[in-house]
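Here is the structure we will look at, set down as structure tokens.
The values are calculated or read from the model by the stated rules, or taken from the named source; none is laboratory data. Everything numeric here is computed off the predicted structure, so don't read it as measured data. Backbone-built Cβ (ideal geometry, glycine too); neighbour counts: all protein chains shown.
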Amino acid sequence: MTDKPTPSTVVEPQQGTKDSNEKRDRKGRIHEFQETEGYIIDIAEDDSAPAGLKLAKDGHTVLIPQPSDDKHDPLNWTWNKKHLMLFIVSWVSFLPDYGSATGAVTLIPQAAEWGTTPDTVNHSQAGNVFMLGAGGVVENLSDPEAVVILSAYFGRLPVVFWFLLISVATAAWCAEPDTFESFMAARILNGFFSTVSQAGGLMFIKDMFFFHEQARKINIWASFIVMSPYVGPLFAAFMTETLHWSVPFWVYFGMNVLGMALVVAFLEETYYDRTIPSDQQPARGNRFARLIGTAQWKCRHLRNTFGQACWRTVSVLLKPIVALSCVFYALTFAWAVGINTTLAIFVTPLYGFGPKQVGFFYFTPVVAVALGEATGHWLHDALAKQYIRSHKGHFEPEVRLRAVVLAMPVVIVGLVLIGQCFENQWHFMATSVCWGLYVFGMMITTVALSSYCLDSYPEASGEVSAWLNMARTVGGFIVSYFQVRWAEAQGTKQSFGIQAGICGGAILFIVALIVWGKRLRIWAGPLNFATT
């Protein structure tokens, strides 16, 4: 059930200079995070809570953000409604990488049909992967607080609706292209339009769930994203064993149609401007008006101008901790995309695998993601609660990064051993387990990094989500182009060893953020956005 606290108030700022208090007052209209104090999460039993402060059912956990008394406020929705929204957003987030990675298996029969090489057909895969990131940044510019390109003046719901509608059409195109060139164009366009909920998923989570709930919800959403590129090839491999390569893409089309049906029937607009009193909130309009965006268009004057909306995305990346997080993520997650898009090229000649055997091989990362989700369900909250207990109810976002430090040794060991398995021709079960180690570690890392950036800049949930998505996919896009040739030139032992070394070097970014992240946030200053 959702927490139902007493009447609302804003958390009182702690003592400080006049300027700092004024800054806190400005930011207090949006969220309760302060660069110098972090979050005040827990009110001790011997402390008296400020009058009207809303607490969770346990009586001491502060609700952040403080919900309004409006029944339309997403923070006041029922548990069932919130989790239905979360499932729909997660399902739509599942689709882009599922469809993208489906091509990792079909490229061999496609190459035979079009008279080219699998590596050439893989270029369509790389183009699709790149657009998964680029599309996210552009879509993010059209979120509810921005009045900008493509879906300008629309809210969260209409952006999902219109982009998913085009994704459905391009998914059908992927299944029935006339030529390789047509297929490549379809894949690129599908990548651009399908990634809407991957790039903006944190917005929905931030809108509906309180701070103390967000890490577990991000864990659920992220598990759909991280698992999806492995489920796609798994299903596609079994289909192509006896069916034409287009069948997996028709299945992908059907999954998009299902996603569209869920969005049309159930998904709601989650944007709620907390700077506006409940009795002055703009008219919501009817269901259809919210879906297509006309209701949001009518109140566009309450949000940012075109210039402000464009600057939001740029200003977030200029914050040092966001930029460093994106660099780290690109350097570590890139190999997941590289391995996934080229796996069939490695294991088919090495182990004599056919499509069915390749499909079975993809069970490993699916299990690894499930184990990572189960571990993260407790790990991220345990690390946060331990810090809060030992720091008198205060919490700093850098605590999230401790999970990354725990996960990265598993990532490095997994990459090193994958290279050994391929070059030394170890049993395929050993290769499977080593691949699982890497995927497990990256699942933990993804949730921790997303939570860290969201905690640091809660008013920029969409921008943070888009840039992390861009870092993940652009890194994979680059690696996809040279993964096979690199292994052929230097051997998998050396190429995967270097990849592990890059991950080991990248952990220095995380150590730097743990030590100096708070000082960097204070030095860079707040975003001071007008809306969340």
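Can you run down the residue pairs with Cβ atoms below 9 Å, 6 or more apart or on separate chains, where the first is in segment 370-386 and more than 25 Å from Tyr39 (Cβ to Cβ) and the partner is part of a helix (DSSP H, G or I) and of a type in the set (Phe, Trp, Tyr)?
Leu371/Phe440; Gly372/Phe440
Of the conditions (1) among the hydrophobic types (A, V, I, L, M, F, W, C); (2) without any contact (Cβ under 8 Å) to a residue 24 or more places away in the chain; (3) in contact with a Lys or Arg (Cβ under 7 Å, 6 or more places away or on another chain), Phe333 fails just one. Which one is it?
For Phe333, the failing item is (2).
Considering each residue of segment 97-114, count those that are under 17 Å from Phe333 (Cβ atoms) and small (Gly, Ala, Ser), and give that number.
3
Answer yes or no as to whether Ala382 is over 21 Å from the mean Cα position of the chain (by Cα), closer than 25 Å to Ile40 by Cβ, part of a helix (DSSP H, G or I) and not hydroxyl-bearing (Ser, Thr, Tyr). Break it down into steps so the answer makes sense when it comes.
Numbers: over 21 Å from the mean Cα position of the chain (by Cα): yes; closer than 25 Å to Ile40 by Cβ: yes; part of a helix (DSSP H, G or I): yes; not hydroxyl-bearing (Ser, Thr, Tyr): yes.
So Ala382 fits the description; yes.
Considering only segment 100-114, I want to know if a residue exists there that is charged (D, E, K, R), assigned to a helix (DSSP H, G or I) and at pLDDT below 85.
Yes, there is a match, as at least one residue in segment 100-114 is charged (D, E, K, R), assigned to a helix (DSSP H, G or I) and at pLDDT below 85.
Find all pairs meeting these conditions: Cβ atoms under 7 angstrom apart; at least six residues apart or on different chains; first residue within segment 83-106 and surrounded by fewer than 24 Cβ atoms within 10 Å (Cβ to Cβ); second residue at pLDDT 85 or above and not in a helix (DSSP H, G or I).
Matching pairs, first to second residue: Leu84/Phe266; Met85/Leu267; Met85/Glu268; Met85/Thr270; Ile88/Phe266; Ile88/Leu267.
With within 28 Å of Ser100 (Cβ to Cβ), of a type in the set (Ser, Thr, Tyr) and modelled with pLDDT under 90 as the only criterion, which of Thr305, Thr240, Thr275 stands out?
Selected residue: Thr240, the only one of Thr305, Thr240, Thr275 that is within 28 Å of Ser100 (Cβ to Cβ), of a type in the set (Ser, Thr, Tyr) and modelled with pLDDT under 90.
Cβ-Cβ distance below 7 Å, separation of 6 or more or different chains: which pairs start in segment 186-208 with a residue that is without any contact (Cβ under 8 Å) to a residue 60 or more places away in the chain and within 19 Å of Ser228 (Cα to Cα) and end on one that is assigned to a helix (DSSP H, G or I) and among the aliphatic types (A, V, I, L, M)?
Once the first residue is without any contact (Cβ under 8 Å) to a residue 60 or more places away in the chain and within 19 Å of Ser228 (Cα to Cα) and sits in segment 186-208, its partners that are assigned to a helix (DSSP H, G or I) and among the aliphatic types (A, V, I, L, M) give Phe193/Ile166.
So which of His380, His391 is farther than 20 Å from Pro229 by Cα and surrounded by 15 or more Cβ atoms within 10 Å (Cβ to Cβ)?
None of the others qualify; the one that does is His380.
So for segment 501-517 (the condition being over 15 Å from the mean Cα position of the chain (by Cα), aromatic (Phe, Trp, Tyr) and modelled with pLDDT under 95), does at least one residue qualify?
Residues of segment 501-517 over 15 Å from the mean Cα position of the chain (by Cα): 501-517.
Subsequent filtering for residues that are aromatic (Phe, Trp, Tyr) retains 509, 516.
Next, from what is left, pick out any that are modelled with pLDDT under 95: none.
No: zero hits.
Any residue in segment 269-279 that is at negative phi and part of a helix (DSSP H, G or I)?
Yes, segment 269-279 contains at least one residue that is at negative phi and part of a helix (DSSP H, G or I).
From the list Ala506, Ala466, Ala512, which residue is surrounded by fewer than 24 Cβ atoms within 10 Å (Cβ to Cβ), among the aliphatic types (A, V, I, L, M), touching a helix residue (DSSP H, G or I) at 6+ places or on another chain (Cβ under 9 Å) and closer than 29 Å to Ser194 by Cβ?
Numbers: Ala466 fails: surrounded by fewer than 24 Cβ atoms within 10 Å (Cβ to Cβ); Ala512 fails: closer than 29 Å to Ser194 by Cβ.
Result of the check over Ala506, Ala466, Ala512: Ala506.
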